[in-house]
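Worksheet: one structure, shown below.
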Amino acid sequence: MRISAVKKSLAVVTASVALAVGFSGSASAAAYDNQDPNSSGCASTAITAKSSPIYVGSTQVGTIELRYSTSCRTVWGRVRSTGPYGHATVTRTSDWEWNYCDNLSWNSSLGQYSCYTAMLNDTNVESYATGHASASNGYNSSDVSTGRY
């Protein structure tokens, strides 16, 4: 009987620790929902998880990117465009929450116009980005999506 009680106590402690550890990552990531990736510091650990080229005809005029912060466990969309028009949307597939940007500005470090969305918690879910870009002559592309990440 004594060994059975010890096993039960150990199981309860193990489950409690697993729940606390599992939820802490999700809760901290959720705190970044709808925040700016640059001002929050999350962009400092960003990778481009997925990207797709954007074309007008046979000419590439931009790129849609799904950015992921390894420290914050968040995602956001970023569009890069040779012209000043375009947009990016990031969508979380677990609840279809999304964020949007369409205010492209010149980014000298990228050498293109760009905008990025606010972040979404991406802990244990999938997300993707969608966007379009414009050529320098103003012609717009169709919407293009990244794959899910």
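The values are calculated or read from the model by the stated rules, or taken from the named source; none is laboratory data. What you are looking at is a predicted structure, and each value in this text was computed from that prediction instead of being measured. A quick note on method: Cβ atoms are made from the backbone with ideal geometry, for glycine too, and the neighbour counts reach across all protein chains shown. Side chains are part of the model used for accessible areas, which takes the heavy atoms of the whole protein and leaves out ligands, DNA and RNA. Shrake-Rupley method; radii C 1.70, N 1.55, O 1.52, S 1.80 Å.
Descriptive notes on the structure:
- Test: residue in region 104-127 that is on the phi > 0 side of the Ramachandran plot, touching a residue at least 60 places away in the same chain (Cβ under 8 Å) and either surrounded by fewer than 19 Cβ atoms within 10 Å (Cβ to Cβ) or not in a loop (DSSP other than H, G, I, E, B) (or both): yes
- Selection from region 128-147 of residues that are open to solvent by 30 Å² or more (accessible area, probe 1.4 Å) and of a type in the set (A, V, I, L, M, F, W, C): V144
- Considering region 27-41, the residues that are assigned to a helix (DSSP H, G or I) and closer than 18 Å to W98 by Cα include one that is modelled with the lowest pLDDT, namely A29.
- Residue list for region 42-59, filter: in a strand (DSSP E or B), over 20 Å from R148 (Cβ atoms) and open to solvent by less than 70 Å² (accessible area, probe 1.4 Å): V56
Matching residues to (1) open to solvent by 10 Å² or more (accessible area, probe 1.4 Å); (2) in a strand (DSSP E or B); (3) of a type in the set (K, R):
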position: V61; (1), (2), (3): no, yes, no
position: R67; (1), (2), (3): yes, yes, yes
position: T91; (1), (2), (3): yes, yes, no
position: Y149; (1), (2), (3): yes, no, no
